[in-house]
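Worksheet: the structure to be examined is printed underneath.
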Amino acid sequence: MKSLNLHFLLLLLFVMPASFAQEADNTAILKMIFTKYYKNEKVIAKGRLQLLNFYCFKAPNNEEVLEVINGNDFLKKNATEIKKQIVIGINEDWSNEYNLLFNNQNQYLKSKVNACLSLEEFQKVSKQFGENNQRLLIINKPIYFAKNQFALVKVAFYRSIEHNSGRFLLLEKVNGEWVIKEYLNEWAT
């Protein structure tokens, strides 16, 4: 029994720091993406229509990642590690990272972002105002590789069935900060 408890404690000692580190990296990546894409958005004020909304859930990575890997030599070298993280059936949201990011800090950025929306809530708001100028920012679950020094994240903008765009961001951790190294597979409909 003591041996089992000791093994359990050792497991917790190794797993817990890794999960906290990844949540911190997810939060840093979320901040970097918000800072980039909300840069030109107006501060939310009473009665002002929010044009860029944030999707609550981490979109799952799918076979589209394989296409990105095949088009980039650096990603090909790390393909095995990246492919292991393609999990279509995830059910995770950004709430922990969102709360960490805006808990008593980054208040100016928060004044532009607003609370996240589900797809149904976004469609309801879009229909209510009847304009095709509203976008839903969808961020996939980050894929970390090369000893967590690099990450691959898909960012997409949904407007309607017809008007959408997106790209993959290849991120690198430089001096503890996540920076965009390259834009990959940009598309628009």
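The values are calculated or read from the model by the stated rules, or taken from the named source; none is laboratory data. Every value quoted in this text rests on a predicted model; they were computed, and no experiment measured them. Reconstructed Cβ throughout: ideal geometry from the backbone, glycine too, with neighbour counts over all protein chains shown. Heads up: the accessible areas ignore ligands, DNA and RNA and are worked out on the full protein's heavy atoms, side chains in. Shrake-Rupley method; radii C 1.70, N 1.55, O 1.52, S 1.80 Å.
From the list Glu182, Glu172, pick out the single residue that is modelled with pLDDT of 95 or more, under 23 Å from Asn78 (Cβ atoms), out of contact with any Ser or Thr (no Cβ under 6 Å at 6 or more places or on another chain) and open to solvent by less than 60 Å² (accessible area, probe 1.4 Å).
Details: Glu182 fails: open to solvent by less than 60 Å² (accessible area, probe 1.4 Å).
Of Glu182, Glu172, the one residue that is modelled with pLDDT of 95 or more, under 23 Å from Asn78 (Cβ atoms), out of contact with any Ser or Thr (no Cβ under 6 Å at 6 or more places or on another chain) and open to solvent by less than 60 Å² (accessible area, probe 1.4 Å) is Glu172.
Checking the structure you have, find out if any residue of the stretch 7-22 is at pLDDT 90 or above, surrounded by 13 or more Cβ atoms within 10 Å (Cβ to Cβ) and closer than 24 Å to Lys181 by Cβ. Checking the stretch 7-22: not a single residue is at pLDDT 90 or above, surrounded by 13 or more Cβ atoms within 10 Å (Cβ to Cβ) and closer than 24 Å to Lys181 by Cβ. From the residues in the stretch 37-59 that are of a type in the set (D, E, K, R) and within 19 Å of Phe129 (Cβ to Cβ), which one is nearest to the chain's Cα centre (by Cα)? Checking each candidate, the answer is Glu41. Inspection of the stretch 46-62 finds a residue satisfying the criterion of being touching a strand residue (DSSP E or B) at 6+ places or on another chain (Cβ under 7 Å), over 20 Å from Glu23 (Cβ atoms), touching a residue at least 60 places away in the same chain (Cβ under 8 Å) and open to solvent by 20 Å² or more (accessible area, probe 1.4 Å).
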